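The values are calculated or read from the model by the stated rules, or taken from the named source; none is laboratory data. Owing to the predicted nature of the structure, the values given are computational and were not obtained by experimental measurement. Cβ placement follows ideal geometry from the backbone for every residue including glycine, while neighbour counts extend to all protein chains displayed. Just the protein is used for accessible areas: all its heavy atoms, side chains included, with ligands, DNA and RNA removed. Shrake-Rupley method; radii C 1.70, N 1.55, O 1.52, S 1.80 Å.
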Amino acid sequence: MASLVRDLVATRHGKAEIGTPDDVPWLFPGGHPGRPLTDGQIGKRLHLIEVQPKQDRSTALCTLATEVPAAILARMLGVHIKVAVQWQQASRGLGRLRRRRQPSHSGEPMKVPITIHQVRLGSREFKVIRPAHPLAHAVLVDHDRHLDCYLDQDAARQIGGLWELAASSPRAMVHLPIRGNPAPCRELPGDGARQLDLVLLHHSLQFAPSRWKELRRRLGPGRPQSVTLPGASRPNGAVIGPEARHYRENRDLFHQHLHAETLFMTGSTKVFRETVRHFLDVAHKGPGYVPVHPSYPHFCTELHSNAGILGNAREIHIEYCDQWDS
């Protein structure tokens, strides 16, 4: 970083030696101050002066913002000095956030307590899995034509893990009782929108949502157990190929039913595994994106109708939120 600052100062005062792009780590594209850098350009220049980002580009940019004077930073990126100062303040806040959240942002698998409930309805017995501790910062909102899901980092990681648990437990239902949670500290779109609980289940269970209210009433305290959930940076490749996804006979689709203030997401093992990445992306990328984009702190992903994963189902917009009502 010291070398980076020296090159910035030398370039500003016209003392840098002129050479080819391969042997001189120019920080101004074409040697002209005030012209903004693209993500690829700054990545190349950081690499040439041996600044190696350990996690991703945003980490290197945040480090740059905290160690380079605001005046030089503004000239290098072609922005007003007030914007550079705001970026520096946001980057310092991000550094504190990363240090505070380091255990849960390391990408390592984590053990999460759950409760397992066995409930008999008539001649059938059903297994229901719930998180043992409330997912306090998770909200699912019904907007008629689509659904919005608001999550903090911890809730996104846990729901991602429970989403994958639904894929590997076709004989169980995963219940997330979240409809009574406080909303995030922002104005939610739509008047009269209602909050919902969420149930994930495999289509082979052939469970009738009309029986959910009775089953839910009989759940009881359940049997405590721990389950290992994947880390936020766990890679998830495509399970269903693009061609198969849009084939008209594709049955690896989500179907939704709404009953007793609960959204039922019914799908196959493949479609659950294909979509868990949305929640892990929110958990992994959301906390780093919001502080460095103060003018538009909106990191989101979506279960989209054009993705070939929704059958009789509405789109779900999934958004990271770091500020919540108490």
Exercise for review: Work out, step by step, the length gained on full extension between D322 and R223: first 0.36 nm times the residue separation, then minus their alpha carbon distance; give nm to one decimal.
Suggested key: 32.5 nm
Review point. The range 127-191: which trypsin sites (Lys or Arg not before Pro) are DSSP loop and have at most 15 other beta-carbon atoms within 10 angstrom?
Key: R145, R171, R186
Practice item. With a 1.4 Å probe and all protein chains in place, put V276, V292, V85 in order of accessible area, largest first. Key: V85, V292, V276
Review point. Restricting attention to the alpha-carbon atoms of the range 246-326, what are Rg (one decimal) and Dmax (integer), both in Å?
Key: 15.2, 47
Review point. What size of dipole, in debye to the nearest 20, comes out for the range 137-227 about its Cα centre when the only charges are +1 on Lys and Arg C-beta atoms and -1 on Asp and Glu C-beta atoms?
Key: 560
Exercise for review: With a 1.4 Å probe and all protein chains in place, put E164, E319, E214 in order of accessible area, largest first.
Suggested key: E214, E164, E319
Exercise for review: Can you tell me how much longer the chain between H146 and Q206 gets when fully stretched, taken as 0.36 nm per residue apart minus their C-alpha distance, in nm with one decimal?
Suggested key: 19.2 nm
